[in-house]
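Worksheet: the structure to be examined is printed underneath.
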Amino acid sequence: MRAIDLSEPFSLQRYAEDPHSGTHIDAPAYLFKDGRKVEEFALDRFMTDAVILDLTSKRAGQPIDDEDLEAAEEGAGLALRERESVILYTGSSKSSPGAYLSRNGAEYLEFKGVGLVGMDVTSIDSLESPEMPAHRILLGKEILVLEGLCNLDAIESSRFRLASFPLKLNAAGSPVRAVAIVE
């Protein structure tokens, strides 16, 4: 068994200025007044079976839609399972906004019944979209959103265990130490 750190180094000053920075998780309260906060989720929601989908063919500013997700599943020789976490690997660098999850991409993942969607970008939504459709679709169905991942290229298996425990905060989001556990 091997553990791979998927988290950016944490900076308390940076987090104080922008709680949506670094490796972090968003709960439904991020967008919905009556949505659940991080501490209201059972711990098993943060320790899950996971899959990684290679979407490195997508360039910065391009949407990831349902067809891209289906092709990535086929390319990995797997099918998404209900309640597992899906990690979208774009190969984005910190200096680039990266690809983003489109509305129909988010609807596809919601239809598949995943429990968490993670990406190696600052936001799963286009930074040009103040409506945040991917966040709204996923968080509206209590599908957690994990952003700011790194080192995804070190995961050599399509399936692994993901630990992404937030701080026990009465908040809409939290910094996370995300770890891939591979056999």
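The values are calculated or read from the model by the stated rules, or taken from the named source; none is laboratory data. This is a predicted model, so every value here is computed, not measured. Note that we place each Cβ from the backbone using ideal geometry, even for glycine, and neighbour counts take in every protein chain shown.
Structural remarks
- Taking every residue in segment 89-103 that is outside any loop (DSSP other than H, G, I, E, B) and among the basic types (Lys, Arg) and pairing it with any residue that is at pLDDT 95 or above and buried (at least 17 other Cβ atoms within 10 Å of the Cβ), at least 6 positions away or on another chain, the pairs with Cβ-Cβ distances below 6 Å are ARG103/PRO133.
- Among the residues listed as LEU55, LEU6, the single one being touching a Cys at 6+ places or on another chain (Cβ under 7 Å) and either at pLDDT 95 or above or of a type in the set (Asp, Glu) (or both): LEU6
- Some residue of segment 4-21 being surrounded by 13 or more Cβ atoms within 10 Å (Cβ to Cβ), among the aromatic types (Phe, Trp, Tyr) and in contact with a Leu (Cβ under 8 Å, 6 or more places away or on another chain): no
- The residues listed here are ALA29, ALA3; of these, the one that is touching a residue at least 40 places away in the same chain (Cβ under 8 Å), of a type in the set (Gly, Ala, Ser), under 18 Å from ILE124 (Cα atoms) and not in a loop (DSSP other than H, G, I, E, B) is ALA29.
- Residue list for segment 112-125, filter: modelled with pLDDT of 95 or more and either part of a loop (DSSP other than H, G, I, E, B) or surrounded by fewer than 14 Cβ atoms within 10 Å (Cβ to Cβ) (or both): GLY113, VAL114, GLY115, ASP120, ILE124, ASP125
- Take the conditions (1) within 27 Å of GLU67 (Cβ to Cβ); (2) under 14 Å from the mean Cα position of the chain (by Cα); SER174 misses just one of them, which is (1).
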